[in-house]
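Participant: Pasting a structure here, questions to come.
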Amino acid sequence: MALMMAPKIQPKSEMISIIPQPRGNRAVKAIFLFIFVCLIILYFYGSNNYTGSQVVYGMAIHFIISQAWEFIVSLSEFYEEITHVHTRYNGEVLRALKASFCVRNVYFFIFTSAICYIFYDEDLLPRFSCVINLVMLFLCNLLCRLFGLQGPTPAAISEITEKRHLNVAHGLAWSYYVGYLKFVLPALKHSVKRFNKENNLLKSSDTFSLHILIPLSCKIYGDLKEIDGNIEFVKEIPPLYIDRAGIKERVFKNNVYRILDEDHRPYYCIVEYATPLASLYEMSDVASAAFSKEDRIEQAKLFCRTLENILKNSLQCRDAFRLVIYDDCTKGEDHSEHLLSREILKHLKQQHFEEYDVGIRA
């Protein structure tokens, strides 16, 4: 009977709808589809007018043209990179070359050129129709893209990253983990047990987790009661002291908050903001950072995804955290003055259901 009454665990649809997932391989599937279409067109338009050898040789010529363009672009990038060879590549010209050129592209260009030169025959170069030339050009570029012969070089990626101020979230997430969470989360359970000896507020094991708040606006407050009247500071748990970065017994503190539901029933848990979000928020207010609101929101989402991956792959931290992600950028139907307390309560109740379900199965 107890098994029949067990509550169902709801999927984490909120996180799926907000946080972008890693890109899949649908682009590759689309390339295969376009290649197939090009081959069909080539067969119906060219099989009656050209021999197989002429079509293959024509394809090789188009490959040379396509890769020659990539080679010229890479050569132009190298012309820029050579001026930074000392500051970026420690004076090593070979490293600058590797950063500017796709090695496979160069090898393929040389190989195709050699084949066309060896098997050169004027009979293999008929006047292809406009349709056939276009199809061959598309097909060659699609094949080059499929085999990784086209794409940004390391130098181009570096330039894009620097100009668009990307990868901020990745660095902030790792800094947050290495400098703070890897110390606090493994010690949290012990600190809660010490806290409960005097207070006995964090009774269930679902409150042993650190609830990390991640507002997509990146706006954080010193006192949670400022943003939500249903959240109130209760007490600090015993602090953690660690010798860190030349500071003896550096203090790491965490706070217990009381969360009231709609019926004013109290729940207790450990809550704090993800402090690196403050850096993202400040960056969007500084003109020299060239960091727009859209960039800030995108980086906040990537920060969340990166941080979750880091913590889930950490054996000591994976069961000691909950990421409370909420969209406070726009005021929709779900937005209210108690948005934050509702989001925290969702996680507390979900943790309770998960533990209840596991206990029944055991």
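The values are calculated or read from the model by the stated rules, or taken from the named source; none is laboratory data. Please read all numbers here as calculations on a predicted model, not as lab measurements. So basically every Cβ, Gly included, is an ideal-geometry build from the backbone, and we count neighbours across all protein chains shown.
Participant: Kindly list the number of the only condition in (1) at pLDDT 85 or above; (2) closer than 20 Å to Phe252 by Cβ; (3) not β-branched (Val, Ile, Thr) that fails for His170.
Facilitator: (2)
Participant: So, one more: Is it the case that Phe303 is under 30 Å from His165 (Cα atoms), modelled with pLDDT of 90 or more and of a type outside the set (Lys, Arg)? Explain how you work it out, then say what you get.
Facilitator: Working: under 30 Å from His165 (Cα atoms): yes; modelled with pLDDT of 90 or more: yes; of a type outside the set (Lys, Arg): yes.
The answer is yes for Phe303.
Participant: Let me ask you something else. Restricting to the range 244-262, name every residue that is more than 22 Å from Val324 (Cα to Cα) and without any contact (Cβ under 8 Å) to a residue 24 or more places away in the chain. Steps first, answer last, please.
Facilitator: Within the range 244-262, the subset more than 22 Å from Val324 (Cα to Cα) is 244-251.
Matches in the range 244-262: Ala245, Gly246, Ile247, Lys248, Glu249, Arg250, Val251.
Participant: If you don't mind, another one. For the range 173-188: of the residues being of a type outside the set (Ser, Thr, Tyr) and in contact with a helix residue (DSSP H, G or I) (Cβ under 8 Å, 6 or more places away or on another chain), which is farthest from Ala300 (Cα to Cα)? If you could, list the steps in order and put the result at the bottom.
Facilitator: Let us first name the residues in the range 173-188 that are of a type outside the set (Ser, Thr, Tyr), namely 173-174, 178-179, 181-188.
Okay, now just the ones that are also in contact with a helix residue (DSSP H, G or I) (Cβ under 8 Å, 6 or more places away or on another chain), so 173-174, 181, 185, 188.
Details: Ala173: 10, Trp174: 14, Leu181: 18, Leu185: 21, Leu188: 25 Å.
Only one residue tops the list, namely Leu188.
Participant: Next up: Would a scan of the range 189-203 turn up a residue that is assigned by TED's automatic domain parsing to the domain that holds Leu260 and closer than 30 Å to Glu298 by Cα? It would help to see each step written out before you state the result.
Facilitator: If we filter the range 189-203 for residues that are assigned by TED's automatic domain parsing to the domain that holds Leu260, which is where we start, we get 189-203.
Now drop any that are not closer than 30 Å to Glu298 by Cα, which leaves none.
No, the conditions are met nowhere in the range 189-203.
Participant: Still on this structure: Of the residues that sit in the range 21-58 and are of a type in the set (S, T, N, Q) and not in a loop (DSSP other than H, G, I, E, B), which one is surrounded by the fewest Cβ atoms within 10 Å (Cβ to Cβ)? Let's see the steps before the verdict.
Facilitator: Restricting attention to the range 21-58, the residues satisfying the condition of being of a type in the set (S, T, N, Q) are 21, 25, 47-49, 51, 53-54.
Right, trim to not in a loop (DSSP other than H, G, I, E, B) and you get 53-54.
On the way: Ser53: 12, Gln54: 17.
Restricting to residues being of a type in the set (S, T, N, Q) and not in a loop (DSSP other than H, G, I, E, B), the top hit is Ser53.
Participant: Now, a different point. For the range 102-112, what are the residues that are more than 26 Å from the chain's Cα centre (by Cα) and surrounded by 16 or more Cβ atoms within 10 Å (Cβ to Cβ)? Break it down stepwise before answering.
Facilitator: Within the range 102-112, the first condition is being more than 26 Å from the chain's Cα centre (by Cα), and the residues that meet it are 103-112.
Passing the criteria: Asn105, Val106, Phe108, Phe109, Thr112.
Participant: Looking at this structure, is Asn255 more than 30 Å from Asp295 (Cα to Cα), at pLDDT 90 or above and in contact with a His (Cβ under 9 Å, 6 or more places away or on another chain)? Explain how you work it out, then say what you get.
Facilitator: Working: more than 30 Å from Asp295 (Cα to Cα): yes; at pLDDT 90 or above: yes; in contact with a His (Cβ under 9 Å, 6 or more places away or on another chain): no.
Criteria not met by Asn255.
Participant: Does Ile242 satisfy the condition of being over 16 Å from Leu348 (Cβ atoms) and touching a Lys or Arg at 6+ places or on another chain (Cβ under 8 Å)?
Facilitator: Numbers: over 16 Å from Leu348 (Cβ atoms): yes; touching a Lys or Arg at 6+ places or on another chain (Cβ under 8 Å): yes.
Considered against the rule, which asks whether it is over 16 Å from Leu348 (Cβ atoms) and touching a Lys or Arg at 6+ places or on another chain (Cβ under 8 Å), Ile242 comes out as yes.
Participant: Touching a His at 6+ places or on another chain (Cβ under 8 Å), buried (at least 19 other Cβ atoms within 10 Å of the Cβ) and either at pLDDT 90 or above or not charged (D, E, K, R) (or both) - does that describe any residue in the range 153-165? Outline the logic, then answer.
Facilitator: Taking the range 153-165 and keeping what is touching a His at 6+ places or on another chain (Cβ under 8 Å), we get none.
No; the residues of the range 153-165 include none that is touching a His at 6+ places or on another chain (Cβ under 8 Å), buried (at least 19 other Cβ atoms within 10 Å of the Cβ) and either at pLDDT 90 or above or not charged (D, E, K, R) (or both).
Participant: Which fully enclosed helices (runs of 4 or more DSSP H) of the range 62-135 have 2 or more residues being assigned by TED's automatic domain parsing to the domain that holds Ser158 and in contact (Cβ under 8 Å) with a residue 40 or more places away in the chain? Full working, then the answer.
Facilitator: Details: elements: 85-88, 93-100, 103-118.
Here the list reads 93-100, 103-118.
Participant: Another question about this same structure. Can you say whether Asp334 is in a loop (DSSP other than H, G, I, E, B), at pLDDT below 90 and under 26 Å from Leu188 (Cβ atoms), as far as the supplied structure shows?
Facilitator: Spelling it out, it is not the case that Asp334 is in a loop (DSSP other than H, G, I, E, B), at pLDDT below 90 and under 26 Å from Leu188 (Cβ atoms).
Participant: Need the failing condition index for Arg145 against (1) crowded, with 18+ Cβ neighbours inside 10 Å; (2) assigned to a helix (DSSP H, G or I), just the number.
Facilitator: Only one criterion is unmet by Arg145, namely (1).
Participant: When the residues of the range 193-224 are filtered to those that are over 28 Å from the mean Cα position of the chain (by Cα) and of a type in the set (S, T, N, Q), which remaining residue is surrounded by the fewest Cβ atoms within 10 Å (Cβ to Cβ)?
Facilitator: Filtering first and then ranking leaves Asn200.
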